[in-house]
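The values are calculated or read from the model by the stated rules, or taken from the named source; none is laboratory data. As the structure is a computational prediction, the values presented were derived from the model and not from experiment. Ideal geometry is used to build each Cβ from the backbone, glycine not excepted, and the neighbour counts take in all protein chains shown.
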Amino acid sequence: MKRSYTWTVGHTPWSAWAWRNTAFSVAAIPPALPVATGLLLLTVAAPGRTALPLLLCLALSPLLTKLQRSRFRVLLGLDVPPVVHTHPWRTVRGLSERLRSEATRRQYAYHLAVSPLAALGAGLLVLTWACGLAGASAYAWVWMLPSDGELPDFGWTRQYDLLTVGGALMLLAAPWMAALLTRLDALAAASLLGPNRARELQRRVEDLAESRAGVLDAADIERRRIERDLHDGAQQRLVSLAMNLGIARATLQDLPPEAKAVIDEAHREAKEAIEELSNLVRGLHPAVLEDRGLDAALSGIAARAPLPVELTVDLAERPGPTVEAVAYFVVSEALANVAKHARARRCSVTVARVPG
């Protein structure tokens, strides 16, 4: 519920909250009538027809749920949030989802158990108010009788004093009773008519995990695309340029020394660019990771590290491509940070699958 219900036990019989709680409890009777009728028919129905009243109650469950939510919203200002379903109920899939959902079963439990009990409590509350008013006004009823009326011989004062005191006590107890019934009904509605908070939290966590996995997959696909474009495009053109420069340097012997120096410098820079691009491509998505798996890829990182690295890879089965890529880059960045900032003499890396 968006706004919590505060139970104040100090209601006086004439306070607004006392009457509001009473009206709220009495308003539970109309929605409970179809359920009570169905349960009564279940009790007296002939064998073989007992399912019909129950099916009728289940069919009326959405309407009864709306009536109960309206009762809470109008009389108490409390909002019982509806359960969000993935598909509309008009479709076969949506109807099947509602019939099989845990939220629908909780609504059935409210209508079949809590609602009749709330109506019964409302009846007792009305009886308490009526008896309290009648008892507290016992002397007034006597005074309004005609003077020639025959009064029962109760010993007059003692019995009517007891009626008056008992009625006053009932009037004082009725607001507390109304507040108790309202609070119990509100707690039951929050648990059964609204969404399950634990289940909603679990669903959000699952949606977040699925969304994060989708982002990682998209990033991995984009890395592969960039790696492929660089390998098949720019890297191949640089290799071709370096080969042409090498051929020119070997065949054009009669060039001036300055021209040969320029060709030599261009050839050297082309090879450096190829090496840098190869490192970049390897960093985007190393080919050994896809060909031979995480163990071989991490072994290459450990071999190129500037400090001794003890690598342990304990995986019963090969992880997915996204998990392998994430693990590869995490270990690569961690070893780079150790080499730059830790001033360590050696490093240990352990890769294992953790249950859970």
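When residues of segment 130-140 are filtered for being surrounded by fewer than 18 Cβ atoms within 10 Å (Cβ to Cβ) and either small (Gly, Ala, Ser) or at pLDDT 75 or above (or both), how many remain?
6
Checking the conditions here, which among 210, 200 is acidic (Asp, Glu) and at pLDDT 75 or above?
Working: 200 fails: at pLDDT 75 or above.
Residue meeting the stated conditions: 210.
Does residue 223 count as surrounded by fewer than 15 Cβ atoms within 10 Å (Cβ to Cβ), modelled with pLDDT under 75 and within 54 Å of the chain's Cα centre (by Cα)?
Working: surrounded by fewer than 15 Cβ atoms within 10 Å (Cβ to Cβ): no; modelled with pLDDT under 75: yes; within 54 Å of the chain's Cα centre (by Cα): yes.
Spelling it out, it is not the case that residue 223 is surrounded by fewer than 15 Cβ atoms within 10 Å (Cβ to Cβ), modelled with pLDDT under 75 and within 54 Å of the chain's Cα centre (by Cα).
Looking only at segment 296-353, how many residues end up being of a type outside the set (A, V, I, L, M) and either surrounded by 13 or more Cβ atoms within 10 Å (Cβ to Cβ) or part of a helix (DSSP H, G or I) (or both)?
Taking segment 296-353 and keeping what is of a type outside the set (A, V, I, L, M), we get 299-300, 304, 306, 308, 310, 312, 314, 317-322, 324, 328-329, 332-333, 337, 340-341, 343, 345-348, 350, 353.
This time we only want the ones that are either surrounded by 13 or more Cβ atoms within 10 Å (Cβ to Cβ) or part of a helix (DSSP H, G or I) (or both), so: 299-300, 304, 319, 321-322, 324, 328-329, 332-333, 337, 340-341, 347.
Number of matching residues: 15.
Filter segment 106-129 for residues that are without any contact (Cβ under 8 Å) to a residue 40 or more places away in the chain and buried (at least 20 other Cβ atoms within 10 Å of the Cβ) and give the result. Outline the logic, then answer.
We begin by selecting, within segment 106-129, every residue without any contact (Cβ under 8 Å) to a residue 40 or more places away in the chain; these are 113, 117, 120, 127.
Residues satisfying the conditions do not exist here.
Quick check on residue 103: is it at pLDDT 70 or above and assigned to a helix (DSSP H, G or I)? Step through it out loud before you land on a result.
Numbers: at pLDDT 70 or above: yes; assigned to a helix (DSSP H, G or I): yes.
Against the criterion (at pLDDT 70 or above and assigned to a helix (DSSP H, G or I)), residue 103 qualifies.
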